[in-house]
Amino acid sequence: VETWHLVGREADFELELVEEVAVGGGTVAVHPTPAGFFATSAICTHEEARLYDGLLEGVEIQCPRHLARFDVRDGRPLCAPAEIPLRTYPCKVIDGEVWVWAPDQPSS
Amino acid sequence: MRVVVIGSGIAGSTCAASLARKGSGVRVTIACGSTPPVYDRTELSKKFLAGTTDEPRPIYTADDFAGMQVSLANAPVAEIDLDRHRCVLTTGRPLEWDYLVLATGSVPHRPSMPGAYLSGVVTLRSRNDARALRGALRHARSIVIIGGGLIGLEVAAVARSYGCQVSLFELQDVLLSRIAPEPIGAAAQQLHEDNGVSLYLHTSVSRILGDERVRAVTTDSHHLVPADLVLIATGTVPTVDLATSAGLEVNDGIVVDTQLRAIGHEDVFAVGDTARVNHHPLFGVSYRGESWLNALRQGEVAANVILGSSEEFVDVPWCWSDQPGAVIQAAGLPDGCSDWVTRGDPTSPDGLAAFALDQRCVRAAVAIGPGPRIGRTIALAVRAIERAATVDPDALANTGIPLRTVLARSAQVRSGDEAIAP
C-alpha cells in the first residue's frame, strides 16, 4: 500500500544538500534542488553506496563512490558506470511541509 | 565510414560502442587478441580478488557488440600501414580504415632484478592474473608486495583478509607518493599497519630468491624476508610497439593532441592508458592517465571527434580506490605544486583531504576516509579545478567552514568581486 509520508519541514532542508529519510521502514533520498523537491531511492544502482554521501548540483546527484550521475527528476543515469535508473517517488511541498509518496512497508 | 579500434579494454570498447550508437553508416571493427566479454577491470584487485564475486562485472558481451553491429576481428594486429590506411592481423587478414583508434592499453612494469621471472612472482592486470593470484592467496602463508601505490595497497588489504602475512616494500619514504602528500600517505600507513601489514618504506627489493619457485626476497638494507608469493606493483608501461613501428610519435605513450589525434595524423587517434595528451588544457602539462574513468572518457571523446564534434578532452583526472576499511580518491594533477593544504582527519566521515595549490589555485586533491563520503570532497574539488578557482588556504583548512562555502567564495574572487582577505 502506498501513501503520503511527511519527511520534514521545507525550512529544515538546505538547497542542494541531499538528505536521507526513513519512510515506511525503508529509506529514501530527498533532493532539494533549484527546480523543487524530488525523492529517489537512497542507494546507487551501480554498487552499494548511499547517495546521501554524494554531491547534489542542480538536479543532478553524483554517487560518491564511482561518480555515476543521475537526474533526480526522473532517476535516469547520465553517465557510466550506472546503467539502471534510480527509483523515483512523487514528492510535494504543502504549507512548508515536504511529503513523499512511497510504500507503507519497506521494499527491497 | 570504416573505423578500426585496436584493443578491447574500457577505452577501445567504449569508443566502438559510442561510434556504433551515435553514428550512422559507421562500420566499426574491434581488433584484439582476446575475446569478449569486456569486464570491469577495477574489480580485479578488489572484490574479484577477495572472492566476494565469482566473475567481474561484464560491461560488453559478444552479443552486445553483435547487437550494435560492431565487428570483432579476434586476432591481434601485426602491423599498421598509415600510408595505405590499413592494418594487417597476425592471421594475415588486412583491415582497411578511414579512422584508426589505438587503445592498446598498458602492461605492468617488471623491474629487471634477479629472480623477477621465478614461479610465484606475479603482476596483476588481467582477469587471468587476478584469478591466478586469488588461487595462490588461498594457500600462501606469506606474500611480498613491491610497490606502495593503489594496486599494492588494495592487494595488501585483500591478502590480509585471506590470513596471509603481508610485507610491502616502497622505495619512497611514504606510501602513495605519486598522487598524495605525506599526511595522506601516513594515514594509509597507519591503516595498513593496524591491519597487520609489515611496511618497509625507503627500502628496495634487490633480489628475489628461489630455485624454481620463489622463497624469499632480499632488500638493499640486507633483510631477508620469506615469501610464498611476490606481487610486483610498480606501475604500468604503455603498449606502444605497433605505434612505434608505424612511425607515430611516442614518448611514454602515443602522443596526441587535445582531441586525442596522433600528432600529424588527422585520422589516427589514441585513447586510454596508451595515450599521452601533449598539453592538458587545464594544467598546461603533458599527461598520461591510467584510470578507468580516463580510459572511458577518452573513448567517448575520440568517438565524438570522429563523428565531427569539435570536443576536446579537458577532464580533470580522477581515480578511486576502495579498500577494506578505507576509501581513497584523487583528482587533478599536482605537478609543480609545492603547497598542500590539509583538512579534516582520516577517521571522520569526511576523512582527511589534501589540496595542492599553485598560487592559491586548486590543482589537485586527494582524500582518505572510512567511507565513500570523501567523494563529495573530491567532487567539489574537481569543480574548483575546472573553474581554476583560487581559494583562501586558511578557510580551506578549517573544517568549521563547509567546503562548499569555501569553494563558492572562491568563485566570487574569480568573477572580480570583493577579494578574500589573506
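Nothing in this text is a laboratory measurement; each read-out follows from the coordinates by a stated rule. Note that the coordinates shown come from a computational prediction; the quantities given were computed from them, not determined experimentally. As a convention, Cβ positions derive from the backbone with ideal geometry for all residues, glycine included, and neighbour counts pool all protein chains shown.
Before moving on, here are some points about what is shown:
- The orientation-averaged projected area of the convex hull spanned by the Cα atoms of chain A comes to 6.0 nm².
- Residues B:245, B:167, B:106 arranged by fewest to most Cβ contacts within 10 Å: B:245, B:106, B:167
- Over chain B, Cα pairs under 8 Å with separation of 6+ residues give a relative contact order of 13 percent.
- Kirkwood hydrodynamic radius of segment B:21-97, Cα pairs, Å: 14.5
- Around residue A:68: net Lys/Arg minus Asp/Glu count, Cβ-Cβ under 10 Å: 0
- Segment residue B:138..residue B:285, full-extension length gain: 48.6 nm, with 0.36 nm per residue of separation and the alpha-carbon distance subtracted.
- Cα Rg, Dmax, segment B:1-151, angstrom units: 18.2, 57
- Isotropically averaged projected area of chain B, using the convex hull of Cα atoms (one quarter of hull area), nm²: 21.9
- Within chain B: Cβ-based charge dipole about Cα centre, in debye rounded to nearest 20 (Lys, Arg +1; Asp, Glu -1): 820
- Length-normalised contact order of chain A in % [C-alpha pairs under 8 Å, at least 6 apart]: 31
- Here segment B:201-219 and segment B:59-112 have alpha carbon centers that stand 38 Å from each other.
- Given charges at Cβ of Lys, Arg, Asp, Glu: the protein assembly as shown dipole, positive-most of B:50, B:92, B:219: B:92
- The value obtained for segment B:182-310, namely the Cα convex hull volume divided by the number of residues, is 182 Å³ per residue.
- Here's how it looks for residue B:89: its modeled amide H is under 5 Å from those of B:78, B:95, which are all 5 or more places away or on a different chain.
- Two-decimal Rg to Rh for segment B:16-55 - Kirkwood Rh, Cα set: 1.18
- Convex hull per residue volume in Å³, alpha carbons only, for segment B:56-145: 172
- Structural descriptor for segment B:47-187: relative contact order 16 percent, calculated from alpha carbon pairs under 8 angstrom and at least 6 residues apart.
- When the Gaussian network model of chain B links Cα atoms closer than 10 Å, the mean-square fluctuations of B:315, B:392, B:54 top out at B:54.
- Compactness of segment B:185-247 as Cα Rg over 2.2 N^0.38 Å, two decimals: 1.59
- With the convex hull drawn around the C-alpha atoms of the protein assembly as shown, the volume per residue stands at 171 Å³.
- Panel order for B:109, A:31, by other beta carbons found within 10 Å of each beta carbon, from fewest to most: B:109, A:31.
- Debye intensity ratio in log₁₀ form over the Cα atoms of segment B:229-279, taken at each q of 0.26, 0.28 Å⁻¹: -0.93, -1.05
- Shape class of segment B:283-360 from the Cα gyration tensor (axes a ≥ b ≥ c, square roots of the eigenvalues): oblate, since a/c reaches 1.5 or more and a/b does not exceed b/c.
- The chymotrypsin sites (Phe, Trp or Tyr not before Pro) of segment B:89-178 that DSSP puts in a loop, and whose beta carbon has at most 14 other beta carbons within 10 Å, are B:117.
- One equal scatterer on each Cα of segment B:350-394, no solvent, Debye formula: the resulting log10 I(q)/I(0) at q = 0.30 Å⁻¹ is -1.06.
- Loop-located GluC sites (Glu not before Pro) in segment B:219-301 whose Cβ has at most 13 other Cβ within 10 Å (DSSP): B:266
- With Rh defined as the Kirkwood radius, the inverse of the mean 1/r over Cα pairs, the Rg/Rh of segment B:152-216 is 1.01.
- Isolated Cys in chain A, by beta carbon distance under 4.7 Å: A:79, A:91
- Panel order for B:228, B:335, A:74, B:194, by other beta carbons found within 10 Å of each beta carbon, from fewest to most: B:194, A:74, B:335, B:228.
- Choice from B:232, B:401, B:30 with maximal GNM fluctuation in chain B (Cα, 10 Å cutoff): B:401
- Where only alpha carbons of segment B:83-194 are counted, the Rg and the Dmax (Å): 19.4, 59
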